[in-house]
Amino acid sequence: MSLNLTKYERDKILERDEFKILIANQDLLKKFETTYIRTGKIFLEILENTDKNGLEKSPDGEYINPILWQCGHIIYFFIQHCKDYFQIPVFKDDLEMNIDFYDSFKNKSQFRSEINKLVTINILLDDFKLIYENITEQILRQKFSDHKYNYIKTYVLNLCILHTEMHIEALIFSGLNLGYQLKNFISFGLSNTSLRGVTTNIMLNIEFKKIEGGNFIQGSKRSVNYLSFDNERPAFHKKINSFYISKYPITETQYLDFILDGGYETKSFWTEEGWDWIKKNNITCPLYWKTKDYELRKSNFPICNISWYEAKAFCRWGGYRLPTESEWEYVATNGNRTKYPWGNKMNAGLVNLNYTINRPLEVNDDRLIFEKTLFGVQQLIGNVWEWCEEPIYPYDGFNIDPVYREMSYPFFGFKKICRGGCFAVPDYLIHSKYRNAQIPECRIQFIGFRVCKDYTDLKKVRKARRLRITNCIEM
């Protein structure tokens with residue numbers, strides 16, 4: 001199978017209903033402008049770190065693409081995917097000459113630090129300015145008579161915008177790990193726990209909500225007023241059994257109990273791969289935690305920057321389990337009754353999104369009390385991502401995106417699902433059906449978790465027991 005499609009092949013696929021996004025041109029341009037300004041802002045802040053060269057490696061051994069390469073990849077994506085649909089300037093610089101260098105599918109990670117191929121951020125900013133101005137002008141004078149072609153261009157531009165936002169988040173968590181000062185994107189309270197203030201009314205126990213099971217439709221049917229990625233489609237019917245789920249993500253205090261009870265020294269709490277991972281890497285606590293500041297971790301902040309292995313070990317220690325992604329989506333959509341936990345329209349005022357606070361908030365913060373489902377479960381969207389139990393797999397009937405071919409399928413089977421977004425994503429990227437995934441040892445992304453317990457219907461158990469006894473007597 002060829003990875004790349006011809007424009008004709010691509011357009012035939014993009015004519016389908018699932019790719020038709022119903023968004024007015026002015027709203028599309030507003031979104032584009034927001035992302036363009038945000039990209040320029042973080043690029044300039046990266047430049048202000050004069051002690052950095054953009055090629056730093058993680059001091060914690062975390063997998064991080066070079067900062068300079070990440071910046072170039074954002075601009076590459078626009079050039080590569082918009083050139084067939086918009087008039088893009090021809091760049092007489094190294095970016096155009098080395099365009100394949102920024103292709104994440106063609107250029108493997110170990111070759112992304114070649115300084116003679118990396119383009120400076122100043123050049124990238126100039127190139128992106130030209131791309132932005134040219135595309136904006138073309139949309140403003142776009143003829144509305146050719147609806148089919150307008151749909152295709154809208155899909156492609158939306159895809160580029162959302163791809164950029166994914167990489168802005170990556171620049172933020174990469175920058176934090178590499179010691180970059182990004183004052184408009186990383187709060188000092190995120191990296192320095194002493195600036196948090198004292199937590200009162202610490203939540204020691206995990207509060208659970210019972211979720212009545214039922215049938216719902218998982219996944220996205222079509223894009224409609226937001227772009228659905230290929231791994232969200234097609235939608236399908238799913239049955240959910242009743243279960244319990246924690247009202248909030250697990251807090252630092254609750255996770256600290258696991259650490260102090262020998263969590264990182266007890267092999268039986270860990271999967272075989274997880275135990276091997278922590279021993280080889282000498283991991284004794286979550287990323288950015290130090291033994292001396294454990295007292296400062298007695299808080300209601302959600303545990304964050306931990307791996308799937310650590311979340312799984314906590315569950316084994318406490319007698320819990322991680323939610324399946326079907327359970328997570330069932331709760332977040334109120335059994336498919338709403339698009340978001342609180343209703344059908346994004347209300348950014350209810351959640352911690354859009355880089356407005358630039359760190360997680362405590363789970364019982366008054367600013368987050370209205371972000372809840374009909375089940376009473378809170379903070380499924382924003383604040384921190386949440387690990388789910390299983391690896392990411394394609395839904396039955398999966399079709400690779402005709403434009404962003406490597407969005408999902410290279411990672412099926414080994415990256416673990418995480419859902420819900422965090423403070424470092426925009427409200428127009430995230431929704432209750434959005435599927436993210438990371439390698440199970442990933443700790444640099446802002447991921448936490450919540451826990452579940454199985455529900456046992458005692459009446460059914462007793463009835464089955466009586467039936468077995470009756471059958472034995474009759475025999």
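Read-outs throughout are calculated quantities, based only on the coordinates presented, and are distinct from any laboratory measurement. Predicted model only: the values in this text are computed from it and were never measured. Here the Cβ is made from the backbone with ideal geometry for all residues, glycine too, and neighbour counts use every protein chain on show.
If the chain between R16 and N282 were fully stretched, how many nm would it gain, using 0.36 nm times the residue separation less the Cα-Cα distance?
My answer for the length gained is 90.7 nm.
How long are the semi-axes of the equivalent ellipsoid of the chain, taking √(5λ) for every eigenvalue λ of the Cα gyration tensor, in whole Å from largest down?
Whole-Å semi-axes of the equivalent ellipsoid: 39, 29, 21.
Quickly rank 316-326, 183-193, 267-277, 429-439 as a protection proxy: mean count of other C-beta atoms within 10 Å, highest first.
429-439, 316-326, 183-193, 267-277
Farthest toward the dipole's positive end in the chain, which of S268, P426, F208, given Cβ charges of +1 (Lys, Arg) and -1 (Asp, Glu) about the Cα centre?
Projecting each Cα onto the dipole axis, the largest value belongs to F208.
Going toward the positive end of the dipole of the stretch 194-458, with +1 on Lys and Arg Cβ and -1 on Asp and Glu Cβ, which of N364, Y393, L350 do you reach last?
After comparing all options, I get L350.
Starting from the Cα gyration tensor of the stretch 7-186, multiply each eigenvalue by 5, take the square root, and state the resulting semi-axes largest first in whole Å.
In descending order the semi-axes read 31, 17, 15 Å.
Could you give the length gained by full extension between F398 and N344, i.e. 0.36 nm per residue of separation minus their alpha carbon distance, to one decimal place?
That pair, F398 and N344, stretches by 16.9 nm at full extension.
Considering only DSSP beta bridges whose two residues both sit in the chain, what percent are antiparallel, to the nearest 5?
The antiparallel proportion sits near 90 percent.
May I ask you to evaluate 6.51 cos²θ - 1.76 cosθ + 1.60, the Karplus curve with θ = phi - 60°, for each residue of the stretch 364-371 and list the ³J(HN,Hα) values in order in whole Hz, giving x for glycine and proline?
Going residue by residue, I get 9, 5, 4, 6, 10, 5, 8, 8 Hz, with x marking Gly and Pro.
Using 0.36 nm per residue, how much length does the chain from E207 to D366 gain when fully extended, once their Cα-Cα distance is taken away?
Length gained, E207 through D366: 55.5 nm.
Applying the Karplus parametrisation 6.51 cos²θ - 1.76 cosθ + 1.60 with θ = phi - 60° to the phi angles of the stretch 290-306, what ³J(HN,Hα) value in whole Hz is obtained for each residue in order, glycine and proline being reported as x?
Taking θ as phi minus 60°, the curve returns 10, 3, 5, 9, 4, 4, 6, 8, 7, 8, 9, 5, x, 4, 8, 6, 10 Hz for the stretch 290-306.
Relative contact order of the chain, please, whole-number percent, based on alpha carbon pairs below 8 angstrom and at least 6 residues apart.
So the answer I get is 18 percent.
Can you find, among F101, A437, Y63, the residue farthest towards the positive end of the dipole of the chain? Put +1 on the C-beta of Lys and Arg, -1 on that of Asp and Glu.
It is A437, whose Cα lies furthest towards the positive end.
How far apart, in nm, are the 7 Å Cα→Cβ label points at K267 and E390?
Here the modelled spin labels are 3.0 nm apart.
Using amide H atoms built in the peptide plane, which far-off residues or other-chain residues are under 5 Å from T324 H to H?
So T324 has HN proximity to E389.
Using θ = phi - 60° and the Karplus relation 6.51 cos²θ - 1.76 cosθ + 1.60, list the HN-Hα couplings for the stretch 39-48 in order, rounded to whole Hz, with x at every Gly or Pro.
5, x, 5, 6, 4, 5, 5, 4, 4, 5
Over the Cα atoms of the stretch 194-458, each weighted equally, I'd like the Debye log10 I(q)/I(0) at q = 0.10, 0.13, 0.14, 0.15 Å⁻¹, rounded to two decimals.
Debye curve over Cα of the stretch 194-458, log10 I(q)/I(0) at q = 0.10, 0.13, 0.14, 0.15 Å⁻¹: -0.48, -0.83, -0.97, -1.12.
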